[in-house]
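The values are calculated or read from the model by the stated rules, or taken from the named source; none is laboratory data. Worth saying up front: this structure is predicted, and the values here are computed from it rather than measured. Note that each Cβ is placed from the backbone with ideal geometry, even for glycine, and that neighbours are counted across all protein chains shown.
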Amino acid sequence: MRWNKYTINTTTEAEDLISDMLMELGIEGIEIEDNVPLSQADTLAMFVDILPELPPDEGKAKVNFYLEPEMEQVTLLEKVKEELENLRAFVDVGEGTITESQTEDKDWINNWKQYF
């Protein structure tokens, strides 16, 4: 199944508020990309031996959300844009631009086996 992926270019300061706003609009598939280092508590809670080295945090983030192609997306995207503008009164949203792409729903549970 193909999903429509939308990416909001924003700041690390606004990523949590944007994620919350998307959830309030009924969007459940949300992903955050940033270079914020993990806290000591987060590191201890993870089951990872070696953490990846990230570039320095520049205060930029991407909030991705995924919508099924059958969903009414035009109206929903207009609401997202409107709410982004409303958030600007409270937090630095940064660019606030939204880009669109498509991604394929893959069988992640079994695909790793092809490498062994």
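Determine which member of the set I27, I18, I32 is assigned to a loop (DSSP other than H, G, I, E, B) and either over 15 Å from S101 (Cα atoms) or of a type outside the set (A, V, I, L, M, F, W, C) (or both).
Values: I18 fails: assigned to a loop (DSSP other than H, G, I, E, B); I32 fails: assigned to a loop (DSSP other than H, G, I, E, B).
Going through I27, I18, I32 in turn, the sole match is I27.
Hey, E13 hits all of (1) under 14 Å from the mean Cα position of the chain (by Cα); (2) within 21 Å of W3 (Cβ to Cβ); (3) not aliphatic (A, V, I, L, M) but one; which does it fall short on?
(2)
Of L76, L25, which residue is surrounded by 16 or more Cβ atoms within 10 Å (Cβ to Cβ), within 24 Å of E95 (Cβ to Cβ) and more than 12 Å from the chain's Cα centre (by Cα)? Explain how you work it out, then say what you get.
On the way: L25 fails: surrounded by 16 or more Cβ atoms within 10 Å (Cβ to Cβ).
The conditions single out L76.
Using the structure shown, decide if L84 is surrounded by 11 or more Cβ atoms within 10 Å (Cβ to Cβ), modelled with pLDDT under 95 and assigned to a helix (DSSP H, G or I). Talk me through it step by step, then tell me what you get.
Numbers: surrounded by 11 or more Cβ atoms within 10 Å (Cβ to Cβ): yes; modelled with pLDDT under 95: no; assigned to a helix (DSSP H, G or I): yes.
No: the conditions fail for L84.
I need the full set of residues from the range 77-103 which are free of Cβ contacts under 8 Å to residues at least 24 places away in the same chain and hydrophobic (A, V, I, L, M, F, W, C), in order please.
As a first pass, look at the range 77-103 and keep what is free of Cβ contacts under 8 Å to residues at least 24 places away in the same chain: 78, 81-82, 85-86, 88-89.
If the condition is that a residue be free of Cβ contacts under 8 Å to residues at least 24 places away in the same chain and hydrophobic (A, V, I, L, M, F, W, C), then A89 is the only one that fits.
Condition first: farther than 17 Å from N4 by Cα and of a type in the set (A, V, I, L, M). Now tell me which residues in the range 29-84 satisfy that.
V36, L38, A41, L44, A45, M46, V48, I50, L51, L54, A61, L84
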